[in-house]
Amino acid sequence: MTDQPILQLAHISKRFPGVQALKDVQFDVRPGEVHALLGENGAGKSTLIKIISGVHKPDEGTLMLDGSPAAFSSPREAQQRGIATIYQELSLYPELTVAENIFIGHAPRRKVGPFDVLDWRAMNTRAGETLASLNIHDLDVRSKIGTLSVGKRQRVEIAKALSQNARILIMDEPTAALTEADVERLFEIVRLLRMRGVGVVYISHRLNEVFELADRVTVLRDGQYVATRQVKDVTERDLIGMMVGRTIDELFPKLPSTPGEVVLEVKNLSRPPITRDISFQVRAGEIVGLAGLVGSGRSELAQVIFGIAPAHAGEIRLNGRAVKIKSPADAINLGIAYVPEDRGTQGLVRQMVIRENVSLAMLREMSRMTFIKNRAEGQAARRAIEQLSIRAYGPEMVVNKLSGGNQQKVVVSKWLARQPKLLIMDEPTRGVDVGAKAEIHRLISELATRGMAILMISSELPEILGMSDRVLVMREGRIAAEFPREQCTQETIGAAMMAANMAVNLEADPSTKDASSEPSASVAEGAR
Amino acid sequence: MAATTSPDLVPSSRLRLPFRLSQEVVLVFVIIALSLVAGAINPQFWRSNNVRDTLSNISYIAVAAVGMTMVIASGNIDISVGALIGCLATISGLLAVRAPESPLWLVLAYVAPPVLGALAGAVNGFLVAFLRIPAIVVTLGMFSIFQGALILTTRGNVIYDLPAGFTLAQQRPLGIPAPIYFMVILTIIGAVWMRYSTTGRAIYAVGGNKEAARLSGISERKIVMTAFILNGVTAGIATLLYATQQSVIQPTVPAGLELKIITACVVGGVSILGGTGTIIGAMLGSILINTIFSVLIFTDTSKYWIQAVQGVLILITVLVDMVRRQRESFSGR
């Protein structure tokens with residue numbers, strides 16, 4: 001494939017407050033190729049495709065379209081220049097028909113007397129033709145989008161992109177929500193597009209898809225360009241090495257700790273339809289990693305334990321005592337702390353200052369006769385800033401002005417002030433830059449050595465592997481597998497996470513799980 | 001990375017004072033500036049009688065704004081407060097004229113508005129917090145109910161012949177009208193309570209981020225209930241000041257009163273989206289809008305213009321608030 005690239009990016013840098021999202025990155029797309037874009041969480045893939053599709057402007061670097069410099073001021077402009085993007089959350093209108101969605105914004109028109117009206121017949125015919133050109137014959141162009149399955153909606157999105165004469169199609173984790181049959185259909189369509197000369201940018205964390213579909217692959221890591229390779233020249237192991245880029249041991253400063261008493265014991269915990277019959281234990285001083293694909297029920301399990309969505313059945317024991325947890329307040333009083341997945345919407349009151357956020361979970365303890373003890377509150381905030389190296393000019397800084405990593409530290413410090421027995425963390429380092437990430441990991445590890453029981457949910461396998469004493473893998477609302485630290489590898493855990501989707505034969509026998517490096521280690525990643 | 005400061009962290013140019021006075025200081029200056037302008041146009045403006053009467057007349061708005069600030073800071077709103085005050089005024093008046101000689105009925109006339117106000121607040125709060133109906137819908141409905149109830153009870157008759165004891169707002173201890181005492185004292189109590197009590201903090205937390213507050217163990221329902229009940233109480237006290245201003249009570253809902261109270265809060269820096277704003281600010285907001293109205297009156301502007309000005313004022317302040325929020329959410333991530 002030696003054609004001139006349709007699109008070529010060079011020396012692209014992009015900074016957000018607190019994070020260097022991209023640094024000197026290059027990327028190109030040639031006609032008729034599938035170019036996979038790989039990288040861990042926070043590697044900069046999303047930022048890169050947002051630059052290509054005109055959502056963000058790069059701070060530095062050049063963007064060449066057909067060999068001449070281009071700059072998109074809006075996603076609309078990028079679209080008009082032939083770059084279409086299919087995001088994970090599809091952007092169709094559920095109340096409109098297939099045809100209307102395909103032609104939204106550029107519907108065929110005709111003259112009726114002095115009026116310029118929509119030409120419904122032409123629209124439906126042309127929508128049918130576009131779909132047929134993609135080998136899609138099982139879609140009625142008159143049916144409403146809202147009535148269609150996810151896979152069908154995605155096909156409509158692709159048809160919409162083609163109706164706008166897209167020459168580059170960016171697909172962000174297109175298979176994340178698809179059934180196996182739909183994945184097959186998608187692959188057929190992508191191959192069809194490749195034959196027609198469309199350049200496809202394909203983002204996925206399922207390495208096997210990259211090998212099945214892509215011609216070339218570009219790897220990003222921590223916002224930097226690592227390499228671009230022909231897919232036929234690389235192995236799975238090469239790609240993982242390029243993505244992680246360093247050995248897990250040096251990345252995660254895990255301190256050795258000796259697990260003590262059982263702190264949390266969960267038996268047959270259920271809250272249908274998502275949480276089903278969960279049993280496990282977490283000991284004092286132990287970090288238990290909870291792995292699983294998005295939608296496997298990890299976060300929901302945490303929410304059941306913390307009383308956000310209380311259990312319908314089953315038992316929770318803390319330090320051997322059976323407890324009832326009906327609300328977050330119950331859980332907090334029992335000594336459970338919860339660092340939620342999305343700190344912006346769940347963890348912080350962003351217009352409040354650090355001091356007010358740190359004391360939020362212990363207002364009662366920090367007050368006398370309903371009035372907050374000013375000095376105690378100030379001290380707690382200063383202590384938090386010092387202990388967690390929060391980069392702020394003082395306790396009176398509004399948390400909204402902090403970087404992502406420092407905001408996360410504030411969320412954590414809010415709970416540490418209470419000295420919980422059990423700390424549940426959902427994606428503790430999501431959207432946090434590398435330096436702060438290492439600090440948070442060090443902190444988690446220290447807490448464990450001091451005897452705290454920690455349940456850590458993460459979509460980043462390296463984080464799970466690096467931090468956990470023991471790993472639980474969830475799949476479809478159940479605990480599918482459990483591995484002690486020694487048996488944890490990308491392959492074993494990846495296989496256990498994917499088993500239902502990939503190969504049913506792994507279901508029953510744990511020995512196969514351990515032995516198999518198949519099918520495809522996957523660096524699972526949460527939907528952003 | 002032991003140091004807690006780093007060169008890229010420039011301290012915010014906004015000074016943080018213990019009472020968060022920044023917006024309040026601005027308001028004070030605007031009020032003074034407007035008064036100077038008005039005085040220059042018409043020297044009558046600065047006559048001590050005028051200043052005193054003006055403050056006295058708006059006191060009930062500032063008192064109602066104390067509770068309204070709590071409701072808005074909790075992320076809600078109360079449209080029904082004007083109609084509630086109208087309703088409570090007639091109830092209070094009817095109790096007062098029932099047996100002009102008996103002190104019992106007079107006491108009842110004074111006690112009923114805060115108590116019934118609290119009750120109405122509890123109903124509002126229950127519907128919002130427990131049945132999860134948006135506050136604007138609940139209180140709009142309550143507005144209609146109060147309005148209907150008012151007309152049914154008075155049948156359009158003005159209440160007059162109020163007893164001599166029913167003149168709270170006309171009292172002048174130490175030469176200062178009683179409503180001003182109420183305004184100042186309730187503002188101070190409310191401000192201290194919002195700033196230093198756990199419930200006050202929880203109100204800001206719930207208004208700022210309901211989910212984060214809940215996950216921190218704060219009972220959002222209890223907090224919203226509390227805010228609405230306290231709002232009912234201050235509306236009840238405001239009623240007493242309003243109803244005893246003159247010797248008659250009109251059988252109608254005071255037109256646009258809820259808008260005046262809400263405008264006072266918003267102009268005073270209480271974010272309509274919840275989470276920020278102070279009671280001192282709301283009091284200054286009440287004084288400011290009244291100063292603007294006085295200026296317009298003293299310069300002989302049509303009263304229809306005054307209404308338009310109130311509308312413009314609320315739109316501008318909400319707009320400023322939105323822009324400020326948006327800028328903050330962009331600077332953060």
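The values are calculated or read from the model by the stated rules, or taken from the named source; none is laboratory data. These numbers come from a predicted model, not from an experiment. All Cβ positions, even for glycine, are placed from backbone atoms using ideal geometry, and neighbour counts span all protein chains on display.
Quick notes
- Flag if B:Gly269 is over 11 Å from the mean Cα position of the chain (by Cα), surrounded by 24 or more Cβ atoms within 10 Å (Cβ to Cβ), touching a residue at least 12 places away in the same chain (Cβ under 8 Å) and more than 14 Å from chain A (Cβ to nearest Cβ): no
- Options B:Gly207, B:Gly232: the member that is assigned to a helix (DSSP H, G or I), in contact with a Gly (Cβ under 6 Å, 6 or more places away or on another chain) and either over 30 Å from A:Pro328 (Cβ atoms) or within 14 Å of chain A (Cβ to nearest Cβ) (or both): B:Gly207
- Scanning region A:64-82 for residues that are more than 16 Å from A:Gly199 (Cα to Cα) and not in a helix (DSSP H, G or I) returns A:Ser68, A:Pro69, A:Ala70, A:Ala71, A:Phe72, A:Ser73, A:Ser74.
- Pairing residues of region B:216-233 that are farther than 22 Å from B:Glu258 by Cβ with residues that are among the basic types (Lys, Arg) and at pLDDT below 95, at Cβ distances under 8 Å and at least 6 apart in sequence or on separate chains, gives B:Ser216/A:Lys414; B:Glu220/B:Lys210; B:Glu220/B:Arg214.
- For B:Ser80, the stated conditions hold: it is touching a Leu at 6+ places or on another chain (Cβ under 9 Å), modelled with pLDDT under 95 and more than 26 Å from B:Ala164 (Cα to Cα).
- Filtered by the rule that a residue be of a type outside the set (D, E, K, R) and free of Cβ contacts under 8 Å to residues at least 24 places away in the same chain, region A:96-127 gives A:Gly105, A:Ala107, A:Pro108, A:Val112, A:Gly113, A:Pro114, A:Phe115, A:Val117, A:Leu118, A:Trp120, A:Ala122, A:Thr125.
- Taken over region A:211-237, residues that are surrounded by fewer than 17 Cβ atoms within 10 Å (Cβ to Cβ) and at pLDDT below 80 amount to 1.
Residues checked against (1) assigned to a loop (DSSP other than H, G, I, E, B); (2) out of contact with any Asp or Glu (no Cβ under 7 Å at 6 or more places or on another chain); (3) more than 14 Å from chain B (Cβ to nearest Cβ):
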site: A:Leu22; (1), (2), (3): no, yes, yes
site: A:Gln26; (1), (2), (3): no, yes, yes
site: A:Pro31; (1), (2), (3): yes, no, yes
site: A:Ala43; (1), (2), (3): yes, no, yes
site: A:Leu48; (1), (2), (3): no, yes, yes
site: A:His56; (1), (2), (3): yes, yes, no
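- Filtered residues of region B:291-305 (kept if within 15 Å of B:Val51 (Cα to Cα) and touching a residue at least 40 places away in the same chain (Cβ under 8 Å)): B:Thr291, B:Ile292, B:Ser294, B:Val295, B:Phe298
- Out of B:Val115, B:Val81, B:Val138, sole residue that is within 20 Å of the chain's Cα centre (by Cα), of a type outside the set (Lys, Arg), closer than 17 Å to B:Ile229 by Cα and surrounded by fewer than 19 Cβ atoms within 10 Å (Cβ to Cβ): B:Val115
- Cβ pairs under 8 Å, 6+ apart, first in region A:388-414 and more than 7 Å from chain B (Cβ to nearest Cβ), second β-branched (Val, Ile, Thr) and part of a strand (DSSP E or B): A:Pro395/A:Val353; A:Met397/A:Val353; A:Val398/A:Val353; A:Val399/A:Val353; A:Ser403/A:Val19; A:Gln408/A:Val339; A:Val411/A:Val339; A:Val412/A:Val339
- B:Thr234 being in contact with a helix residue (DSSP H, G or I) (Cβ under 8 Å, 6 or more places away or on another chain) and at pLDDT below 85: no
- Hey, B:Gly125 under 17 Å from B:Ser92 (Cα atoms) and either in contact (Cβ under 8 Å) with a residue 12 or more places away in the chain or within 19 Å of the chain's Cα centre (by Cα) (or both) or not: no
- A:Gln8 more than 30 Å from A:Ser403 (Cβ to Cβ), touching an Asp or Glu at 6+ places or on another chain (Cβ under 9 Å), without any contact (Cβ under 8 Å) to a residue 60 or more places away in the chain and polar (S, T, N, Q): yes
- B:Glu220 of a type in the set (Asp, Glu) and under 13 Å from the mean Cα position of the chain (by Cα): no
- Qualifying residue in region A:370-383 (condition: over 20 Å from B:Thr198 (Cα atoms), more than 10 Å from chain B (Cβ to nearest Cβ) and free of Cβ contacts under 8 Å to residues at least 60 places away in the same chain): yes
- Residue in region A:353-361 that is at negative phi, at the interface with chain B (Cβ under 7 Å from one of its Cβ atoms), part of a strand (DSSP E or B) and at pLDDT 90 or above present: no
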